[in-house]
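Everything on this sheet refers to the single structure shown next.
The values are calculated or read from the model by the stated rules, or taken from the named source; none is laboratory data. In this text, all values refer to a predicted model and were calculated from it rather than measured experimentally. With ideal geometry, Cβ positions are generated from the backbone for all residues, glycine too; neighbour counts draw on all protein chains shown. Surface areas here come from the heavy atoms of the whole protein model, side chains and all, with no ligands, DNA or RNA. Shrake-Rupley method; radii C 1.70, N 1.55, O 1.52, S 1.80 Å.
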Amino acid sequence: MSQEPGFTTIMVLFAAGGVGNGAFNALTNRVILSSVPEHQQGRAWAGFRWVVYVCLLSGYALGAALGPQYALHLMTYGGSALVLCAVANIVGRVVLARRRTP
C-alpha cells in the first residue's frame, strides 16, 4: 500500500509547479509576441491553447484510468522537469550573456 505525500510536500510541489507554469507562460508569451507576425498571433495563441487543453485532458484521462498515484507521479516528474528546464534556461542565458560582454 502506498502512502500519499503530506501537506508540506504537496505545497512545495504546488509552488514549484506554479513557478514552472509561470515561467512557461512568460516564455510562450515572449516567443509568440516576438517571433510570430502580428497578423498570425491569434492563430498561434489558439494553437498553443489547444495543445495545453489536449495535454490537460490526456493527463486527466490517464489519472482516471490508471489511478491517482500514477497521476501524482506524472505531475511530480513533469513539474520538476519543467522547473529544472526553466532554471537551466535562466542559468544558460546568464552564462551566455557574461561571455558576450567584453
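Details
- Selection from the stretch 1-56 of residues that are in contact (Cβ under 8 Å) with a residue 12 or more places away in the chain, among the hydrophobic types (A, V, I, L, M, F, W, C) and open to solvent by 90 Å² or more (accessible area, probe 1.4 Å): Val19
- Taken over the stretch 1-52, residues that are farther than 24 Å from Ala81 by Cβ and among the aromatic types (Phe, Trp, Tyr) amount to 1.
- So Leu62, is it within 19 Å of Ala81 (Cβ to Cβ) and surrounded by 11 or more Cβ atoms within 10 Å (Cβ to Cβ): yes
- Pairs with Cβ under 9 Å, 6+ apart, first in the stretch 85-98 and under 25 Å from Gly17 (Cα atoms), second of a type in the set (A, V, I, L, M): Cys85/Ala23; Ala86/Val19; Ala86/Ala23; Ala86/Leu27; Val87/Ala23; Asn89/Ala23; Asn89/Leu27; Ile90/Ala23
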